[in-house]
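The values are calculated or read from the model by the stated rules, or taken from the named source; none is laboratory data. Quick caveat, the model's predicted, so the values are computed rather than measured. Every residue, glycine as well, gets a Cβ built from its backbone with ideal geometry; the counts of neighbours run over all protein chains shown. Protein only, heavy atoms only, side chains kept; ligands, DNA and RNA dropped before computing areas. Shrake-Rupley method; radii C 1.70, N 1.55, O 1.52, S 1.80 Å.
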Amino acid sequence: MLILRDLLLHGTMRFGELKKSIGHVSQKVLTSQLRQMEQSGLVNRKVYAEVPPRVEYSLTELGFSLHPIMDAMWDWGEAYKKKLAQEEDAAANV
């Protein structure tokens, strides 16, 4: 989810940028997730023949098709947080 979020928000990103934006994730786990997403057709991996090697990740058309689903999940989460805050306020006023 976090990889999809960041690639949707920022577009093409390098491995280090993704790792930094996601936060507490090991290099091994992030590499594994990106490989799985690439095999599933969600992510493009582009390797540049440079020293040191540069690798960039971007979403495929299939990956972008998840955008409305991610938006719906965000909207649900925001509504849920609002509902919880209202319930906490009501409980505090009892």
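Take Leu4 and decide whether it is open to solvent by less than 90 Å² (accessible area, probe 1.4 Å) and in contact (Cβ under 8 Å) with a residue 24 or more places away in the chain.
Numbers: open to solvent by less than 90 Å² (accessible area, probe 1.4 Å): yes; in contact (Cβ under 8 Å) with a residue 24 or more places away in the chain: yes.
In short, yes.
What number of residues within the range 15-49 satisfy the criterion of being modelled with pLDDT of 95 or more and assigned to a strand (DSSP E or B)?
4
Given the structure, is Val94 surrounded by 12 or more Cβ atoms within 10 Å (Cβ to Cβ), more than 14 Å from the chain's Cα centre (by Cα) and modelled with pLDDT under 95?
So Val94 does not fit the description; no.
Taking only pairs six or more apart or across chains, which ones have beta-carbon atoms under 6 Å, a first residue in the range 16-29 that is over 18 Å from Pro53 (Cβ atoms), and a second residue that is of a type in the set (A, V, I, L, M, F, W, C)?
Ile22/Leu2
Residues of the range 1-14 being outside any helix (DSSP H, G or I) and basic (Lys, Arg), which ones?
Correct list: Arg14 only.
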